[in-house]
Every structure is written in structure tokens, then in C-alpha cells.
Amino acid sequence: MDTLATLKSWADESSRIVFFGGAGVSTESGIPDFRSVDGLYQQKFDYPPETILSHSFFVRNPAYFYSFYREKMLPLDAQPNPAHETLARWEREGRLLAVVTQNIDGLHQKAGSRKVYELHGSVHRNFCTKCRKFFGPEYIRDHTPLPLCDACGALIKPDVVLYEESLDDACVTGAVGAIAAADLMIVGGTSLTVYPAAGLLRYYRGHRLVLINRDETPCDGEADLVLRDPIGQVLARL
């Protein structure tokens, strides 16, 4: 039996699927990743992207941060692809426990997924740093150079986890619980090099770990099944 047929058989037999995804899940929706040949790390900016997307840089130079953020991190017109749609269908059918994602674009929810643990936050949630008033992403997009709170005048910050910041404890706890309960764990579109997020895989207790990624990952040797095809193409056939 080939790898795709095996994965389809496993997915059909499972009632507690958990999907763990990274930037590669959204590249088929036109959102660039960081580490590929066309990714953000290969482009030229005044500062390295990991510096711009750090907490200290946000505090020190919010105008440059928001210039970069609006251009590169706020894909409000992007649409879900077959990977997002398949996962949402599995949840409706009662076969998928949760999506655990490193992405901040909200495409899983746009496709219809409801149980989504966003490890790195979401561009769709933004809060005043002083009074905590909520703002949608359109407010961030439309208020330049700095999005200031219309209630108190303080700076607004996206609810995304920047470098130097910690993951949300409640989100991590929920993700760990789902992963530990899974009977099929599908990991897709991630290099599994970003920690602590990648470390959550160690909580999987089952024997059907599937990796779908175009490049090798540090966990390939631990997987029960490895596929190198684009994740949208794979999940669209399940």
C-alpha cells in the first residue's frame, strides 16, 4: 500500500485526529513562509525579520514594526486552501479533535474550523496596550503609521507572540491535551525547528504519526509515515 493510501485508511479509521501545522499550510494560499528560498528570511530589509518581530523592537521602533507587519504579516484577502477545508470537514464529521497551528493568519477559522489552538496568536486580535480595548485587523491596516487606541490614545499591539515573548499557557495546555488524546497525529507544513511549539509533539502517545512536508525535518525518523507532496494536494485527496 502506498503512503497516500495508508494515510487515507488511517484517517478513515480515526475518530480523534489532531493536526499540527506550520507556515507551509498557508503558502498554498499565497502567504509566504520564513525559511524557504522565497521566504521572508531571504528578503532584504533594514533589519533581520526576527529582529523586527521581537518584543524589544516593537517597543523601541513601533513605526518600522508596523510598516513591516502591514506589508508582510497582514494577509487579510487570503483564502483557505484544500488543506484548511479538509480539516474543517473532518471536524464537522466528528473525526478531528483539534488543529494546533503555528500560523497567525486565521485561515483555519475562515475555512470553518472551530477548535483551533493558535500557538503564536492571531492577526485578527489586537489590543490597546493600556486599556485593553479590542480592535480588528482592519483597524491596524487602516491607521498609519501607528494604530492608536480611539479610547485612550495608547499604542495597540497585535495579539501575536513575538520573539522574546512566551506562549499563552492556556493555549499550550489545550494543545497538549488534544495531542495526548489523539489516535492519529498529522504534522504538516512545518520544519519542526521552532521551539517551544515543535516540542509539543512529544506529548503524542499513539502509533500513527504522519509528517507531510516538502523538506526533511528533525522528526522524520520518528514518524510512521512521511509524505513529501504539498499538503493541500495531500489532504484534498483524503
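Here are some notes:
- Residue in region 25-40 that is nearest to residue 105 (Cα to Cα), counting only those that are assigned to a loop (DSSP other than H, G, I, E, B) and modelled with pLDDT of 90 or more: 31
- In region 193-205 there is no residue matching the filter, namely being at pLDDT 95 or above, over 19 Å from residue 13 (Cα atoms) and touching a strand residue (DSSP E or B) at 6+ places or on another chain (Cβ under 7 Å).
- The residues of region 201-214 that are under 18 Å from the mean Cα position of the chain (by Cα), assigned to a loop (DSSP other than H, G, I, E, B) and not basic (Lys, Arg) amount to a single one, 213.
- Residues of region 1-24 that turn out to be touching an Asp or Glu at 6+ places or on another chain (Cβ under 8 Å) and either open to solvent by 40 Å² or more (accessible area, probe 1.4 Å) or in a strand (DSSP E or B) (or both), as a count: 3
- Answer residue from region 70-99, given it is within 13 Å of residue 182 (Cβ to Cβ) and within 16 Å of the chain's Cα centre (by Cα) and is surrounded by the most Cβ atoms within 10 Å (Cβ to Cβ) among those: 99
- Exclusive hit being in contact with a strand residue (DSSP E or B) (Cβ under 9 Å, 6 or more places away or on another chain) and either loosely packed, with under 14 Cβ neighbours inside 10 Å or at positive phi (or both), set 219, 152, 171: 152
- Residues (under 19 Å from the mean Cα position of the chain (by Cα) and surrounded by fewer than 19 Cβ atoms within 10 Å (Cβ to Cβ)) located in region 174-190: 174, 176, 177
- Residue match in region 121-128 (condition: out of contact with any Asp or Glu (no Cβ under 8 Å at 6 or more places or on another chain) and among the charged types (D, E, K, R)): no
- Within region 71-83, the set of residues being under 23 Å from residue 195 (Cα atoms) and not in a loop (DSSP other than H, G, I, E, B) comprises just one member, 72.
- The residue that is most open to solvent (accessible area, probe 1.4 Å), among those in region 100-145 that are among the hydrophobic types (A, V, I, L, M, F, W, C) and part of a helix (DSSP H, G or I), is 111.
- Pair list, Cβ < 7 Å and 6+ apart or interchain, from region 161-179 residues that are over 20 Å from residue 55 (Cβ atoms) to residues that are open to solvent by 90 Å² or more (accessible area, probe 1.4 Å): none
- Search result, residues across region 158-187 that are part of a loop (DSSP other than H, G, I, E, B) and of a type outside the set (Asp, Glu): 161, 162, 166, 167, 182
- Taking residues in region 7-36 that are in contact (Cβ under 8 Å) with a residue 24 or more places away in the chain and within 21 Å of residue 208 (Cβ to Cβ), and partners anywhere that are charged (D, E, K, R) and surrounded by fewer than 17 Cβ atoms within 10 Å (Cβ to Cβ), the pairs with Cβ atoms closer than 8 Å and at least 6 places apart or on different chains are 8/237; 24/214.
- Residue match in region 188-200 (condition: over 19 Å from residue 33 (Cβ atoms) and in a helix (DSSP H, G or I)): yes
- Tabulated pairs, region 135-147, first over 15 Å from residue 63 (Cβ atoms), second among the hydroxyl-bearing types (Ser, Thr, Tyr) and not in a helix (DSSP H, G or I), C-beta under 9 angstrom, 6+ apart or interchain: 137/122
The values are calculated or read from the model by the stated rules, or taken from the named source; none is laboratory data. Only a predicted model underlies this, so the values are computations on that prediction, with no experimental measurement involved. Cβ: placed from backbone, ideal geometry, glycine included. Neighbour counts: every protein chain shown. These accessible areas exclude ligands, DNA and RNA; they are computed on the full protein's heavy atoms, side chains included. Shrake-Rupley method; radii C 1.70, N 1.55, O 1.52, S 1.80 Å.
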